[in-house]
1. Check off (1) closer than 28 Å to residue 138 by Cβ; (2) surrounded by 12 or more Cβ atoms within 10 Å (Cβ to Cβ); (3) in contact with a helix residue (DSSP H, G or I) (Cβ under 8 Å, 6 or more places away or on another chain) for residue 105 and give me the number that stays unchecked.
2. Among the residues of region 69-89, write down those that are surrounded by 13 or more Cβ atoms within 10 Å (Cβ to Cβ) and in contact (Cβ under 8 Å) with a residue 40 or more places away in the chain.
3. Where residues in region 45-75 are among the polar types (S, T, N, Q) and not in a loop (DSSP other than H, G, I, E, B), which of them is farthest from residue 90 (Cα to Cα)?
4. Can you name every residue in region 87-98 that is among the hydroxyl-bearing types (Ser, Thr, Tyr) and part of a strand (DSSP E or B)?
5. Identify, by number, the condition in (1) surrounded by fewer than 10 Cβ atoms within 10 Å (Cβ to Cβ); (2) small (Gly, Ala, Ser); (3) at pLDDT 70 or above that residue 40 doesn't meet.
6. Hey, which of the strands (runs of 3 or more DSSP E) in region 99-182, taking only ones fully inside, have at least 1 residues that are at pLDDT 95 or above and more than 15 Å from residue 66 (Cα to Cα)?
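The values are calculated or read from the model by the stated rules, or taken from the named source; none is laboratory data. Since we're looking at a predicted model, the values are computed, not measured. Neighbour counts run over all protein chains shown; Cβ positions are idealised from the backbone, glycine included.
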Amino acid sequence: MLGALSSKWAVWSCVLMLALAVVALGIAAAPRAAAQAETGVICVATFADRNANGLRDEGEGPLAGVNVNLSTGGAIIATHITEEGGTEYCFERLLRGIYTVTFTESPLYRITTPREGTFALDAGQRLTIDAFGAFPIGPAGLRAEMIAQVSAAQQDKPLDTSTRLLLATGGAAVVMMFMVGLGAVTLGLLDWRQQRRQRRQRQRRRPVPPPPTDWLRPPGWA
């Protein structure tokens, strides 16, 4: 009888100890789960680097039209395009982890600061990264820049041998055609003048017939 009671007591002791261990583990893991569920924020900003020195000087306002990508684990999870007058944008509700912020390139501006960075975000943290700066070009400036590049390329790029030969052959052909045409016109004029001179000479050599004398005879004469 005593042996049976002791064995039951041992079983219940084991069950109680297991239950206490589970409760203790749950209590220890609860703060971690709560911290993991708490989200953080990553904020980005841009500025128009007018003097292209890579620093945000006084009077340099936000730069609109910049595409910002937020990625983690090699996958883009959020994107944003800065707007006119916007000072700062925040990617919210981010879990604890490693994130990469990338500012994409554009022909409308020239980047003067780092365009990409990787950051570790803790639970509940508000992370503000350094502002992204670029020298604005604009559509008009881009058009003028393209025209200048094309003009410089046309002036500086030497012609290759085949192009020079082609141009020389074409020029010689044009000159030859012009000379042939000029010769044909000259020969035509000379021939026309010679024919005209010959007609005048034939007209001078032709005898002139005497004038009629019938009008001098009286009426009735045979």
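1. Failing condition for residue 105: (3).
2. The one that is surrounded by 13 or more Cβ atoms within 10 Å (Cβ to Cβ) and in contact (Cβ under 8 Å) with a residue 40 or more places away in the chain: 89.
3. 72
4. The initial filter retains those residues of region 87-98 that are among the hydroxyl-bearing types (Ser, Thr, Tyr), namely 87, 89.
Once the filter is applied, which keeps residues that are among the hydroxyl-bearing types (Ser, Thr, Tyr) and part of a strand (DSSP E or B), region 87-98 yields only 89.
5. Of (1) surrounded by fewer than 10 Cβ atoms within 10 Å (Cβ to Cβ); (2) small (Gly, Ala, Ser); (3) at pLDDT 70 or above, only one is false for residue 40: (1).
6. Details: elements: 109-111, 116-121, 126-128, 132-136.
Result: 116-121, 126-128.
Yes/no matrix, rows are residues, columns are (1) surrounded by 12 or more Cβ atoms within 10 Å (Cβ to Cβ); (2) in contact (Cβ under 8 Å) with a residue 40 or more places away in the chain; (3) within 20 Å of residue 58 (Cα to Cα):
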site: 101; (1), (2), (3): yes, yes, no
site: 137; (1), (2), (3): yes, no, yes
site: 148; (1), (2), (3): no, no, no
site: 151; (1), (2), (3): no, no, no
